[in-house]
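Following: one structure in structure tokens, then a few remarks.
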Amino acid sequence: MIKVGVFGAQGRMGSEVCRAVQADDELELVAQVDENDDPRAFVDAGATVAVDFTTPDAVLANIRFCVDNGIHVVVGTTGLSASDLDEVAGWVAGARASVFIAPNFAIGAVLMMDFAARAAPHFDTAEIVERHHERKLDAPSGTALRTAQLMNDARGTAWRAPQGHSETLPGSRGGDSSGIRIHSVRVPGSVAHQDVILGTAGETLTIRHDSLDRASFMPGVVLAVKRVGSLQGLTVGLENLLDL
Ligand code: NAP
């Protein structure tokens, strides 16, 4: 049995994680920590893996606590910058604990990112439209940023920029991630949705993923909890645990 502690256990994702851990025969939920609780509860309960779905403000301190106490961490919280990831990699280098971070734990989202990266070298332009529930704290989504990064890495040459356009309403063209425009929509009733739209002469390709329920993230979270102890250092992206 793997003893699991959950940060943000009363949150939308954290409470779903608690249910998924309790439903799995190989996992045991031993501690739940929310904003005003002491994370030493994980140490006292003998947790070997912690799961974090909290906030961009809280997550780094939670990871640091776990690394310092030899507890492996699976992180789903988004909003971490590239320099945050570098900092985490520094903490975990040579440490007993390992850290696994995924901006999206849904298998369909991982495949969407993989397909988008494969398509990227074959098109002239690309834009991402992501849609989430209205209480999401960060924009754009971690998934959108990761998709753009994977597409830019796969491409190697600059995207063709539309010529001669101007914004009569500032921000209309979205954020610019190295030539890929990202548009963030926040709408009640949504969970997590993304369209990647690629264009070239006479054709477009749209790759779409919808998480309709937070249950979509749980198989990926459970897989990461079971595998994080066999990883070294920092690993980013669920694709590293899948045979794509
Ligand atoms: P949420 O419902 O607001 O839950 C966050 C929880 O974290 C709240 O219960 C909050 O408690 C708690 N919290 C805040 N500070 C804490 C601390 N220092 N220690 C422990 N708990 C703390 O948000 P959510 O919708 O579950 O989303 C959580 C994160 O997961 C977001 O970053 C979101 O983008 C991300 N997410 C990732 C994926 C993925 O697949 N990677 C999927 C969905 C969501 P209070 O309410 O008392 O402050």
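A few notes on this one:
- Rounded to the nearest 20 debye, dipole of the chain from Cβ charges on Lys, Arg, Asp, Glu: 340 debye
- Restricting region 98-183 to trypsin sites (Lys or Arg not before Pro) in coil, as DSSP defines it, with at most 10 other Cβ within 10 Å: R135
- ³J(HN,Hα), Karplus 6.51/-1.76/1.60, whole Hz, each residue of region 165-178, x for Gly, Pro: 8, 9, 9, 6, 10, x, x, 4, 8, x, x, 10, 9, 6
- Sparse-neighbour loop sites [GluC sites (Glu not before Pro); region 163-244; at most 15 other C-beta within 10 Å; DSSP]: E167
- This model, with +1 at the C-beta of Lys and Arg and -1 at the C-beta of Asp and Glu, gives region 141-244 a dipole about its Cα centre of some 180 debye.
- Inter-centroid distance (Cα atoms) of region 176-226 relative to region 1-66, Å: 26 Å
- Long-range HN-HN contacts of L234 with modeled amide H, under 5 Å: V99
- What the phi angles of region 230-240 give under the Karplus curve with 6.51, -1.76 and 1.60, with θ = phi - 60°, is a coupling list of 9, 8, 10, x, 9, 10, 10, x, 5, 4, 5 Hz, glycine and proline written as x.
- Sorted peptide list for 39-46, 99-106, 138-145, criterion being average Cβ within 10 angstrom, highest first: 99-106, 138-145, 39-46
- Ranked by how many other beta carbons lie within 10 Å on average, peptides 55-67, 14-26 from highest: 55-67, 14-26
- With contacts taken as Cα pairs under 8 Å and at least 6 residues apart, region 1-118 reaches a relative contact order of 22 percent.
- When only the Cβ of Lys, Arg, Asp and Glu is charged (+1, +1, -1, -1), the dipole of region 89-189 relative to its Cα centre reaches about 200 debye.
- Cα gyration tensor, the chain - rounded (a/c under 1.5), prolate or oblate: prolate
- 222 nm mean residue ellipticity, helices alone, for the chain (DSSP H n ≥ 4; -39,500 (n - 2.57); rounded to 500): -9000 deg cm²/dmol
- Cα gyration tensor, region 88-218 - rounded (a/c under 1.5), prolate or oblate: prolate
- Derived scalar couplings ³J(HN,Hα) [region 104-116; Karplus, 6.51 cos²θ - 1.76 cosθ + 1.60; whole Hz; x for Gly, Pro]: 8, 9, 7, 4, x, 5, 5, 5, 4, 5, 5, 5, 5
Every read-out reported here was derived from the displayed coordinates using simple, explicitly stated rules and does not represent laboratory data. In this text the structure is predicted, and so the values were computed from the model without any measurement. Note that we place each Cβ from the backbone using ideal geometry, even for glycine, and neighbour counts take in every protein chain shown.
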